[in-house]
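Contents: one structure, followed by commentary.
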Amino acid sequence: MREAKYQKILIDKMESAGWYVVKLISTNKNGIPDLLCVKGNDVKFIEVKAANGKLSPLQEYRISELNKFGVKVEVCYPND
């Protein structure tokens, strides 16, 4: 499954579960995860990958950086 198709499925699933989901296209920080998800006081980012996709070093750095600020980050693959 292509990453874009899986991302749409994931957005629909999250919104059905009550999350407010924003697809981040352009930010001031390269490597930031694809989706920003908010539900009440719960905030998390989601990096969406194709089944055979892998994180770049910059994406790994950004995830680590967000975690240091106490922000949850998930990496989701179609087979999860």
Selection count where residues are under 13 Å from the mean Cα position of the chain (by Cα), farther than 27 Å from Gly18 by Cβ and either assigned to a strand (DSSP E or B) or aliphatic (A, V, I, L, M) (or both), scope the stretch 37-80: 1
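So is Gly31 within 13 Å of the chain's Cα centre (by Cα) and small (Gly, Ala, Ser) or not? Walk me through it before giving the result.
Working: within 13 Å of the chain's Cα centre (by Cα): yes; small (Gly, Ala, Ser): yes.
So Gly31 passes the test.
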Among residues of the stretch 1-36, those that are part of a helix (DSSP H, G or I) and hydrophobic (A, V, I, L, M, F, W, C), counted: 5
Pair list, Cβ under 8 Å, 6 or more apart: the stretch 67-80 residue closer than 13 Å to Leu10 by Cβ, other residue among the charged types (D, E, K, R) and assigned to a strand (DSSP E or B): Glu74/Lys44; Glu74/Glu47; Val75/Glu47; Cys76/Glu47
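Throughout, read-outs are computed from the coordinates displayed, never taken from laboratory work. Since this is a predicted model, take the numbers as computed values, not measurements. Cβ: placed from backbone, ideal geometry, glycine included. Neighbour counts: every protein chain shown.
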